[in-house]
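K.L.:
Right, I'll just put the structure down here and ask away after.
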Amino acid sequence: MSEHVKKPWLSLVIPVFNEAQNLPELVRRCLTVCHNIGKPFEIIMVNDGSRDDSAQIIRTAAEENDGAIVGVLLNRNFGQHAAVLAGFAQSRGEVVVTLDADLQNPPEEIPKLLLPIEQGCDVVGSVRINRQDSMFRRWSSRLVNKGVQKSTGVMMHDYGCMLRAYRRSIIEAMLKCHERSTFIPVLANSFANKTDEVMVAHAERTQGESKYSFWKLINLQFDLLTSMTTFPLRLLSLAGSALAGMGFLFSFLLLTMRLIYGAAWAAEGIFTIFSILFIFLGVQLLAMGLLGEYIGRIYNDVRARPRYFIQDVVSGNKTDAQVTSLLSKESTRQELP
């Protein structure tokens, strides 16, 4: 019996979106790395509604590799984290490793993450050295990492790197969570008893282009902020209290100065009043927008719509058409988070 026909020890989950140019080399290198590890494995490639030939390449790879590769084909684009969760739900390994499909995180770095797992860690993150990203991406990642560290208390340094390893118990815990706005590294750390990090290489993208535009990065930051903490709401309460106190003191000052210098002085200060009024209005609009972000996420959770919708699961020469619903019973959890 071949090593990948047995129940796998390692599951490699790879979300794919418009990466047809990288997939042949990705498949070849991942198979080589997994074979060299010497334990039963499976490679789960999740097509997240790609508009190029990625789905067909994944299907062909799954059919040609006798169960070593499993293709999970979503019927449209649901986003990277939903695709990863779909891969988690299909995985069977005791250890699950996530990897981007763009080859910027070399598959050859995977064994570095497995050693801490074998030593008892629940979650192993990775820190990219010599990052080959733009200055904006590096500085925004640094800012986000500092915010996550302060909010979670878990001192990992590169939450944006997809190359991460998880124990099966952590995967099972994450699949039981039903919130729609999920940042997987933070969610995993909330269940982990012991975490670790390893240094990994980072390569320049040679094929295709980044899927994260400026606005997608901004949206990701809002998702991250509102999914892991309510601190911004508390900060708004403190800021509102401070502004209210300042407004009261300023009103008292205006009244005092009017009594001393008369109505003419108060009229001459009208532009100052307007400027302060505009500041208060700006703070109010900011607060309303932030509250709206939280309320919108509550609305999405209450509707309880599926995170993703699986069109096909391809393994070996067999194709199983599967329709996935998050409203199914827990007994069908192999398809559902």
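The values are calculated or read from the model by the stated rules, or taken from the named source; none is laboratory data. Just so it is clear, the structure is predicted and the values come from calculations on it, not from any experiment. Please note: Cβ atoms are built from the backbone with ideal geometry, for glycine as well, and neighbour counts cover all protein chains shown.
K.L.:
Hey, can you tell me all the residues within the range 60-75 that are among the polar types (S, T, N, Q) and farther than 20 Å from Lys6 by Cβ?
P.N.:
Correct list: Thr60, Asn75.
K.L.:
Val70 - would you say it is closer than 15 Å to Ile171 by Cα, surrounded by 22 or more Cβ atoms within 10 Å (Cβ to Cβ), among the β-branched types (Val, Ile, Thr) and touching a Ser or Thr at 6+ places or on another chain (Cβ under 9 Å)?
P.N.:
Answer is no for this residue.
K.L.:
I want to confirm something. Restricting to the range 76-116 and keeping residues that are polar (S, T, N, Q) and crowded, with 19+ Cβ neighbours inside 10 Å, which single residue is nearest to the chain's Cα centre (by Cα)?
P.N.:
Gln80
K.L.:
Another one. Only one of (1) within 17 Å of Arg164 (Cβ to Cβ); (2) in contact with a strand residue (DSSP E or B) (Cβ under 6 Å, 6 or more places away or on another chain) fails for Ile37. Which number is that?
P.N.:
The failed condition is (2).
K.L.:
Moving on to the next point. Can you give me the number of residues within the range 40-53 that are modelled with pLDDT of 95 or more and touching a Leu at 6+ places or on another chain (Cβ under 6 Å)?
P.N.:
Qualifying residue count for the region: 3.
K.L.:
Determine which member of the set Val33, Val27, Val46 is over 22 Å from the mean Cα position of the chain (by Cα) and over 20 Å from Leu115 (Cβ atoms).
P.N.:
Only one candidate qualifies: Val27.
K.L.:
Note down all Cβ pairs under 6 Å where the first residue falls in the range 187-206 and is more than 20 Å from Pro106 (Cβ to Cβ), the second is among the small types (Gly, Ala, Ser) and assigned to a helix (DSSP H, G or I), and they're at least six residues apart or on different chains.
P.N.:
Listed pairs, sorted by first residue: Phe191/Ala173.
K.L.:
Report, by residue number, each residue of the range 72-109 that is out of contact with any helix residue (DSSP H, G or I) (no Cβ under 7 Å at 6 or more places or on another chain) and of a type in the set (Asp, Glu).
P.N.:
Result: Asp100, Asp102, Glu109.
K.L.:
Looking for something modelled with pLDDT under 85 and either in contact with a helix residue (DSSP H, G or I) (Cβ under 6 Å, 6 or more places away or on another chain) or part of a loop (DSSP other than H, G, I, E, B) (or both) - is there at least one such residue anywhere in the range 191-200?
P.N.:
no
K.L.:
Follow-up question, since we're still on this one. Quick one: Phe278 ticks every box in (1) modelled with pLDDT of 70 or more; (2) out of contact with any strand residue (DSSP E or B) (no Cβ under 8 Å at 6 or more places or on another chain) bar one, so which box is it?
P.N.:
All conditions are met except number (1).
K.L.:
Conditions first: (1) under 17 Å from the mean Cα position of the chain (by Cα); (2) at pLDDT below 85. Lys150 passes all but one, so which condition is the exception?
P.N.:
Only one criterion is unmet by Lys150, namely (1).
K.L.:
Quick one: would you say Ala86 is over 11 Å from Leu12 (Cα atoms), touching a Leu at 6+ places or on another chain (Cβ under 7 Å) and either outside any helix (DSSP H, G or I) or free of Cβ contacts under 8 Å to residues at least 24 places away in the same chain (or both)?
P.N.:
No; evaluated as a whole, the condition is false for this residue.
K.L.:
I would also like to ask the following. Go through Leu31, Leu12 for me and flag whichever is of a type in the set (A, V, I, L, M), modelled with pLDDT of 95 or more, under 23 Å from Ile171 (Cβ atoms) and surrounded by fewer than 23 Cβ atoms within 10 Å (Cβ to Cβ).
P.N.:
Of the residues listed, the single one that is of a type in the set (A, V, I, L, M), modelled with pLDDT of 95 or more, under 23 Å from Ile171 (Cβ atoms) and surrounded by fewer than 23 Cβ atoms within 10 Å (Cβ to Cβ) is Leu31.
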